[in-house]
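The block underneath contains the structure these notes are about, expressed in C-alpha cells.
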Amino acid sequence: MISGWLFDAYTLNGNMIFWIKKDNSAATIRVEDKSWNHKIYVASDMFLLKSLIENNEILSMIKEYHFPSRYELITDSKRSQVLELELKDSTYSLKLAKKIEQMGKFGQFRLYNVDILPEQSYFYEHNIFPLMECKVHVSNSKLKWMCNEDNVWSTDYELPLFNNVNLKVFPKVTEGKISRFTDSIASATVQNCDTKDTIHIQGSEIDILYQLVEEIKKINPDFILTEDGDSFTFPYLKYRSEINQVDLILDREGIPLRRSKKDGTSYFAYGRIYFKPSAAKLFGRIHIDTYNSFVLNESGLQGLYELARICRLPLHIASRASIGKCMSSLQFYNAMRNDILIPWKPTLTEHPKSLGDLLTADRGGLIFEPIIGVHENVAELDFVSLYPTIMFKKNISAETVICNCCSHSKLHVPELLNYHICEKRRGIVPISLEILLKKRGIYKDKKNSTTDSKLKKIYDARQTALKWVLVTSFGYLGFNNAKFGRIDAHIAVCAFDRQILLQTIRIAESHGFEILHAIVDSIWIQKKNKDTINKNDYENLKTEIENKTGFPISFEGIYKWIVFVPSKNNTIIPVSNRYFGVFEDGTVKMRGIEARRHDTAEFFSNVQQSILNIMSEANSIREVRVLMPKVRDMFQMHLKLLKNRNVPISDLVLTKRISKNVDEYENRNTVELDALLQLNNTGRSLKAGQILKYVITDYYRKNSRKRSVPFELINSKTGYDAKRYCELLTETCNSVTEPFGLKLIEG
Ligand SMILES: [Zn+2]
C-alpha cells in the first residue's frame, strides 16, 4: 500500500503510469496499471456492429468487447445498445476509429469517446483526480485507489511541498541576431523557485549537457518551469543533444528528451486567432512553459492545482489547456458518470428557427448604450457570474432546451415562445457548473474572512482560476465545435439575461436613479441631485434587485467621476465597455483604454497611468480640470524624453497578434508587414496567432521595407522614429484628457 498524492499520469507502452508524491519528502513512487485500457464506442445497426468484431484487423487492436447500454446522444431520452471496444493499447484510439469509419458508408458507424485522453478517461472511470491525497493498493499490476476522504469538493485540502526549479538555457548569439538551433549552448542556469539559489552551468557544450542531466537528477524537482520551453528551450536542447550525441534525460522515467511530432498549431477561438506551440512533456515530472500557460499567468500554481483537481486533467495538460478545455473535461466527467457517450465529431444541429425567433435571438445580451462624456457620483453594480448562474438556475444545457421528453413543459424562455426547458432532468452544463459556482463562493468568503495573508492569497488564486472557467463557460455553450455546445442554449441564456437586466433597470429607475450605461451583467447609475442620496439607498436597491430577480449582485462602489469614451473614429458613437474612472477610495478602474490593452507599448501605458494617477486626486470634474496644467507638464516631460531619444527601446516595443500568414496580407504597406518580412528573411516565420513584437524606426519613409524592425533583430544601433512615437504618445494621452477639454499637441 502506497500513500501520498497522485502527481503525474500518462500512458507508456500501452499502459497507464502514475507517480505518487510522498508526504513532504523528495520521494516519488511509480506505479503501473497493466489491467486497464481506454475504451471507445460504436453505434450502428446490430448487424453491422457484429460484422466489426469479426474483422481480424479490428480484433488485433482490441482486448475485449461488450454490448452495454448507453445514451448515444446527450439529447436521447433512452439508452440504446452500443459496441464497447477495449483497446489493447490506450494510444490506438484514433487509429482504430479511423479504420472503423472507413469500413462503413459515410455516417454508418458513429464513433464515441475517441479523442478523450486515456488519462482523462482513467480519472473519470476510477473517480480520481490529480493531486488527490490517496492510498494505492498494487496487486498483479492492477491498482486499487482509495481516496483518504479527499474529494474535489474539498476547499481545505492539503498538498505536499513541491520542489520546483526555473530552467534557463542561453545560446551563443551575436548581438542583433536571432538565436537559432545551430547556435551552440553558452550556459544554463537552474534556480530553486523558493530559495532562489542558482546553479550556473558552464563549460563546453557537451559538458553543459551532461552537467544539466546530473543537476536535475540530483535536485529531483517536481516542476520545471521555463519561459519558452515549448517553443524554444526544449526543442533547442533536444537538437543540441542530438548533435552532441548525448542522451538528455530530464524526466523521472529515464526517457531522453523527445522532439514533438507536431509543429504547433494556429486555432480560432472567441473571434480571434491564437497560436499554440506543441507541448514539451517530461514523464513523472511536470514541465510548465510560463509563456504558454494562461492558467498560470492568471492564478499561479495554486490556481493550476485547483483546476487540475476539479476538471480532472493531468497537470502538464491543465497548465497548457485553454479554459474551454478545462470546462469540457469537467463536462465529459459528468457525462461519463451518467452513461452519456462523448461524440468524436460534433453532431448536434440547430433547431429550426422562425424569422421572429432569429430577430429576437440575434440581439444577444441587452446593451444600454453609455451616455458618453464625464459624470460624477456614479455607482456601479455587477451581477456575480451572471451567465453561468443563469445556466445553473434555469437548467440550461444542450439537452434541456427544447428537450424531446417534455413538450408541455411549463418552463419557458422569455420572449422565445417555442423554447421550453426540460422539467425532468438536470443538464450536463448546470451539473458541471454547480461545483465551480459553489466552490468559488466559498473561496471568496474564506478569502474575506481570513487574516492569514498566505491563506488569503491561496483562496484568491483558486477563486480566480474558477472565475475564468465560469467566464468562458457561456461562449463554450454556443461554440459549434464543443461536444455538448448548442446555439439554442446560448440564445436561451441571452434571453434570460435581457429579462434580468431590463428588470434591474426598472427597479433602479423606481428608486429614482438614472441609468448611464448597462451591459450584459453591469449597470452604472446616478442620482441627479446627489444631496438627496441616503447611505442606505444603494443597499436597499441591491436587496430589491436580488429579491426580485433571484440573482446575486455586488455593489462595486461609487465613482467620484467616470468617463465613458467615444469611438476613436466617430466621436458621437459610444463604445460599450470603454471607460475610466476613480472610486471614492482613489482606486482607478479602466476598461478598453490603452493602459489596459496588451498591445500598447510599455512607455505609453506608463505615461497614461501616471496621468490618471494625477487625475485620481480630484474629487470632481471641476477639480480634474484644475489639475490639467500638472497633466500637461507630465505629458511634456515625456515628450521631451522621446525627442531626446532618452527612452529605452525596449519600452517602445509594440505587439500585435498576427491574424494571417505573411503571404495573405492584402494591405502590403504596413509597418507590421515590414517587421514580419524581415523576420522571414532570417528564417523565423511567424504563423497566424503568434505575437509579433516590433519597433517603428522610420515611419514616413516611402517605398521602404525598413520602416520598422522586429524585436528580435534590435541591436545597439537601432534607433526609434521619435516623430512617430511623439504622435502616438499624444494620441494616447489625449484619450484621457480630451473628455476634460484638454487637447494636447506634439509641439
Ligand atoms: Zn424534458
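Nothing in this text is a laboratory measurement; each read-out follows from the coordinates by a stated rule. If you're wondering where the values come from, they're calculated on a predicted model, not measured in any experiment. When we count neighbours, we look across all protein chains shown, and the Cβ atoms used for this are built from the backbone with ideal geometry, even at glycine.
Here are the numbers:
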read-out	value
Distance in nm between pseudo-label sites at HIS126 and LYS99 (7 Å out along the Cβ direction from Cα)	2.6
q = 0.15, 0.26 Å⁻¹: log10 I(q)/I(0) that the Debye formula gives for the range 649-719, counting C-alpha atoms only	-0.44, -1.31
Fraction in percent of alpha-carbon pairs per bin - 5 Å, the range 39-115	3, 16, 30, 28, 16, 6, 1
Principal axis box of the range 135-252, alpha-carbon based, largest edge first, Å	57, 35, 24
Extreme residue, positive dipole direction of the chain, given options VAL607, ILE428, ILE649 (C-beta unit charges)	ILE649
Within the range 164-337: Cβ-based charge dipole about Cα centre, in debye rounded to nearest 20 (Lys, Arg +1; Asp, Glu -1)	720
Per principal axis, descending, Cα span of the chain in whole Å	83, 77, 56
Calculated FRET value between THR182 and ALA27, using beta carbons and R₀ = 30 Å, to 0.05	0.15
Unit Cα scatterers, Debye sum, the range 82-182: log10 I(q)/I(0) for q = 0.12, 0.13, 0.14 Å⁻¹	-0.76, -0.80, -0.83
Semi-axis lengths, Å, the range 578-649, gyration tensor of Cα atoms, sqrt of 5 times eigenvalues	23, 17, 8
Reach of LYS410 by Cα under 24 Å, taken over lysines that are not fewer than 8 positions away in the same chain	LYS78, LYS353, LYS393, LYS394, LYS424, LYS548
Helical segments meeting 27 Å axial Cα length and Kyte-Doolittle -0.5 threshold in the chain (DSSP H)	428-449, 453-477, 487-510
Cα-centre dipole for the range 506-546 with unit charges at Cβ (Lys and Arg positive, Asp and Glu negative), debye to 20	160
Fraction of beta bridges assigned by DSSP in the chain that are antiparallel (%, nearest 5)	90
Per-selection metrics, the range 164-337 (Cα): Rg and Dmax in Å	17.2, 57
Förster-model FRET efficiency, 35 Å R0, PHE67 and LEU417, C-beta, rounded to 0.05	0.25
Modelled label reach - HIS137, point 7 Å along Cα→Cβ, the range 30-65 residues with backbone N closer than 18 Å	31-36
Potential extension, THR670-SER449 segment - 0.36 nm per residue separation minus Cα distance	74.2 nm
Protection-proxy order for peptides 543-555, 46-58, each taking the mean of Cβ atoms within 10 Å per residue, highest first	543-555, 46-58
The chain: relative contact order in percent, alpha carbon pairs under 8 Å with at least 6 residues between	10
Proxy reagent accessibility, fewest Cβ within 10 Å first, across ASP289, ASP452, ASP651	ASP452, ASP651, ASP289
Lysine pairs meeting the criterion (Cα under 29 Å, 8 or more apart or interchain), as found in the range 133-205	4
Label-point separation in nm, ARG657 to ASN606, each point 7 Å along Cα→Cβ	2.6
Helical contribution to [θ] at 222 nm, DSSP H n ≥ 4, -39,500 (n - 2.57), averaged over the chain, rounded to 500	-11000 deg cm²/dmol
Stretch gain in nm, segment ILE691-LEU161, where the contour uses 0.36 nm per residue and the Cα spacing is subtracted	187.3 nm
Calculated FRET efficiency for the pair ARG625/GLU54, C-beta based, R₀ 60 Å, to 0.05	0.10
Cα→Cβ-extended label distance, 7 Å offset, between HIS598 and ILE614, nm	3.1
For the chain, size of Cβ-based charge dipole, Lys and Arg +1, Asp and Glu -1, in debye	860
Contour minus Cα-Cα distance for LYS410 and GLU509 (0.36 nm per residue)	32.6 nm
